[in-house]
Amino acid sequence: MALSLFLIKEIPYSSSILSSLFFPLFKVQVIISRTLTSFKFPASVFTSVKQYSSSPLVISPSSDHGSLFYCCGDASFYASLLGSSTDKKHVDQVHAQLLVSSLRHNGFLITKLVNVSSDIGYICYARKVFDKFSDPDVFLWNAMVRGYSKHNMFGDAIDLYSRMQAMGVSPDCFTFPNVLKACSGSQALEFGRRVHGQIFRHGFECDVFVQNSLVAFYAKCGRIGRARTVFDRLCDRSIVSWTSIISGYTQNGEPMEALRVFSQLGRSNVKIDWIALVSVLRAYTDVEDLEQGKAIHGCLIKLGLEHEPDLLISLTAMYAKGGQVMVARSFFNQLEEPGLILWNAMISGYAKNGYAEEAVELFRKMNAKNMRTDSITLRSAILGVAQVGSLELAKWMDDYVGRTEYKTDIFVNTALIDMYAKCGDVDFSREVFDRTAGKDVFVWSAMIVGYGLHGRGREAIDIYYTMEQAGVSPNDVTFLALLTACNHSGLVEEGWKLFHCMKDYAIKPQNQHYSCVVDLLGRAGYVEKAYRFIKNMPIEPSASVWGALLNACKIHRHVTIGEYAAEKLFSLDPNNTGYYVQLSNIYATARMWDRVAKIRAVMKGKGLSKDLGYSAIEINGELQGFHVGDKSHPRSREIFEELENLEKRLKEAGFVPHTESVLHDLNYEEKEETLCNHNERIAIAYGLISTAPGTMLRITKILGHA
DNA sequence: TTAGGGTTAG
C-alpha cells in the first residue's frame, strides 16, 4: 500500500495500481499540480479521488529526487507507510509529508517515526525528530531510549532516561528493559541498582519482563548472586527467566551451576526453546563435556531444530572447542552463507586447537569474500598467526589491523602484542604496547608474558613496576607471567619475592603459580626447599607441580624426592609417558640400571609411546617444521652435516654436553628424548645453511602437536 | 506504538 503511493511516479505504466488499490483504501482527495498533468492520469483516477474526498492528498513536484508526493492521510495511513520503510530515503519522504499535514503533532506517529528510524540505523535522525517534539509522552521517551540501547549507545540511553525522570515522566513496564540493557552494556552497576529501586517504587516487582531484565542485568554485571535472588523471588518464571539465569551462571564462570539450574528447568512445566538450549550448549562447552553436549545435540535433532542457523553457531563452537574441528567444519559448511559469528566460531576453533594454518586460511577466505570482520574475528585470526609463528605473516596481520577501525581496540592490540612475542620479535610487541592507549591489566600482562618468553626477565619485572605506578592492579595472570619470566631468566630471588606479593593484592595462588615457584627453586638447585614448599601448599598440588619437582630432581640427581614425585604423578596421570622417561633418566644418571629396566618394562606393558613436538623456522617467508631426528627434508644430508660441524665447533669452544644419561644403553627414542633440543638444533642447522651469514634466525617451538 | 533470554571473545 505504502509503495503504491510512491509508484505514482510510475503512473503512466501502472495507473491501475493507483486507482484500484491505493485510493479505495484511503479516504483521500488528490490535487494534482499542473506540472504533473503530463502524467496523463486516466479519468478513472479523478473519479476515485472525488469519491473519497474527506482529506486532501497533495501531489506536487520536488526538486530533489524526481517527484515527491505530499499527502495527508489519517494516522493509520501514515503508520502503515512508516511500517514498510526499510531505507532512510523513504523515512525522509514520509516525514516530509507528515510535516505539512495536520498530523505533524501526533505523538503516536512521531513515536513510530523514531522507532522506525532507529530500527534502520538512522539514530541521529530519530534524535532530531525526538528533540523537535516539545512534549514527549512516555511512549516517545521509551522509543528513544530503546533506539539508543539497540545501537549500543548505552551512555545516551542512560542520560535520556535520567532526563525523562527529571521531567517528571513516569516510566512504565516498557521503559525498564531498555534502560537495564543500557546499564549492563555499560557495566553501570550503581545506576542499575537505582533503577532497581525505581522498579520497586513504581510497582513492577511482579512484571515478568522487567524482572527478567533485572536478572540479566545483575548477571552481566558480575553480580550472579543478586541475579539469583531476583530469579528466586520471581512469582512466575518464563523460559526467558530460566535462560537468563542459566546463561548468567555461564557468563560468570559457573557452568556447573548453570547445568544444575537447567536440570531444575527440566523438572518444571516450562517449555524449553532453542535459545535455552544454546545457553546450555555453551555451559557444556565450558565444562568441556563434549559427551553431554552431544546429548543436547541429540535433543535438538529430535526437536527438529538442528538446522537453526544460530544453533549451528553453538554446535560449531562446542565441537571446535572440544577439538573435533572436522565435525565443526561440517556444520559450518552446512550453511550457504554463514554469518559473521559462525565464521568467528570456526576461525577461533581452529586457532585454539592448534590448527593455526586452517585458521589463517579461513580468515583469508573471509577477506576474499569481502565479508565484514569484527574485533572477535581479528582476535581469533591473530591467535592463529601467533601459532603459525611466522613473523612475515605477523607483520601482514598487523598491517591489516592498521587499516581497520579496530587498530585502537584494546583486545585486538593485546592479541597483537602476544602474536609478535610468539613470532619471535618482542620489540615489535613493545611497539604495539607503546601505541596502545588506555592499557588495562591484560595489555600489561601480555607484555610481561612477551618479555618472559624471550628470557628478558628484568624487563618483565620493570614493566610490572611501571604498571603498578600507573595504578593498574595486577591479577593472577600477571603474576603467572611474572613468575614464568623469572623462571626463564633464572631470577630466583625476584620470583620468590613476587610470589609473596600476591597476597598484597588478595590473589590466591593457583597450581600454575605453585608449579612455577617449584620450577624456579628446583632448577636453581633448591630441591628440598621446593619439596617443603609443596608440602605446605594450602591446595591439593596438581600434576604440573609434581612435574616441576620431578624435573628438578632430574637436573640435580635427586633420586629419593624424584621417586616420591614420580609416584604422585603416576597416580595423577598414569598414561603420561614423560614422567616415566624422566624417572628412568634419574635412575640412569644414578647408574641404577635395574630400575631403568623396570620402568621400561612398565612402559612397554602399558603400550606407551612418545608424543613429539617440533620446531619451525621461516626461510624467505616459508615455514619449515622439524621433528626430533627428522630426516624428511630434501636437504636433510646437508642439514646433518652442518649439525655435526656445529657440534664439533661447540666442543672446540669448550662446550661439554650433558651426556651422563645418554652413555648407557637406552634405546633410540630415549636417546632422542635425552637430547631434548634435537629438533631445535635441526631447525638451526637448516637456518644456517639456508641464509647468508649474520641473518637473524627465529626458531619457534611447537609442543605436542606432531 | 514500544519490551525480556542465547551463540563467536585478549
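Some notes on this structure:
- With respect to the stated conditions, A:L311 is at negative phi and either surrounded by fewer than 22 Cβ atoms within 10 Å (Cβ to Cβ) or over 17 Å from the mean Cα position of the chain (by Cα) (or both).
- When A:H500 is tested against (1) closer than 29 Å to A:L378 by Cβ; (2) without any contact (Cβ under 8 Å) to a residue 40 or more places away in the chain, only condition (1) is not met.
- Residue within region A:289-305 that is among the acidic types (D, E), out of contact with any Asp or Glu (no Cβ under 8 Å at 6 or more places or on another chain) and either within 13 Å of DNA strand B (Cβ to nearest atom) or at pLDDT 95 or above (or both) present: no
- Within region A:209-227, considering residues that are over 24 Å from the mean Cα position of the chain (by Cα) and crowded, with 16+ Cβ neighbours inside 10 Å, the one farthest from DNA strand B (Cβ to nearest atom): A:R226
- Of all residues making up region A:272-288, the number that are more than 9 Å from DNA strand B (Cβ to nearest atom) and either among the small types (G, A, S) or part of a loop (DSSP other than H, G, I, E, B) (or both): 2
- Within region A:351-370, the set of residues being more than 12 Å from DNA strand B (Cβ to nearest atom), touching a residue at least 12 places away in the same chain (Cβ under 8 Å) and in a loop (DSSP other than H, G, I, E, B) comprises A:G354, A:Y355.
- A:Y148 surrounded by fewer than 21 Cβ atoms within 10 Å (Cβ to Cβ), more than 8 Å from DNA strand B (Cβ to nearest atom), in a helix (DSSP H, G or I) and of a type in the set (S, T, Y): no
- All positions within region A:306-327 that are more than 11 Å from DNA strand B (Cβ to nearest atom), part of a helix (DSSP H, G or I) and not β-branched (V, I, T): A:Y319, A:M326
- Taken over region A:118-135, the criterion of being more than 35 Å from the chain's Cα centre (by Cα), modelled with pLDDT under 90 and surrounded by 16 or more Cβ atoms within 10 Å (Cβ to Cβ) is satisfied by A:F133 alone.
- Exclusive hit being closer than 27 Å to A:L498 by Cβ, touching a Gly at 6+ places or on another chain (Cβ under 7 Å) and within 14 Å of DNA strand B (Cβ to nearest atom), set A:S429, A:S445: A:S429
- Condition broken by A:R267, with the remaining ones in (1) away from DNA strand B (no atom under 12 Å from the Cβ); (2) under 21 Å from A:A295 (Cβ atoms); (3) at pLDDT 95 or above satisfied: (3)
- Boolean, A:L335 is more than 10 Å from DNA strand B (Cβ to nearest atom), touching a Cys at 6+ places or on another chain (Cβ under 7 Å) and of a type in the set (A, V, I, L, M): no
- Restricting region A:235-268 to residues that are touching a Lys or Arg at 6+ places or on another chain (Cβ under 8 Å) and under 17 Å from A:P177 (Cα atoms), the residue that is surrounded by the most Cβ atoms within 10 Å (Cβ to Cβ) is A:I245.
- Residue match in region A:151-169 (condition: within 9 Å of DNA strand B (Cβ to nearest atom), touching a residue at least 24 places away in the same chain (Cβ under 8 Å) and in contact with a Gly (Cβ under 7 Å, 6 or more places away or on another chain)): no
- Pairing residues of region A:371-389 that are hydrophobic (A, V, I, L, M, F, W, C) with residues that are buried (at least 24 other Cβ atoms within 10 Å of the Cβ) and part of a loop (DSSP other than H, G, I, E, B), at Cβ distances under 7 Å and at least 6 apart in sequence or on separate chains, gives A:A386/A:C423.
- None of A:G248, A:G253 is small (G, A, S), within 12 Å of DNA strand B (Cβ to nearest atom), within 24 Å of the chain's Cα centre (by Cα) and at pLDDT below 95 except A:G253.
- Test set (1) surrounded by fewer than 24 Cβ atoms within 10 Å (Cβ to Cβ); (2) within 16 Å of DNA strand B (Cβ to nearest atom) - A:L391 fails condition number: (2)
The values are calculated or read from the model by the stated rules, or taken from the named source; none is laboratory data. Source: prediction; values computed, not measured. As a convention, Cβ positions derive from the backbone with ideal geometry for all residues, glycine included, and neighbour counts pool all protein chains shown.
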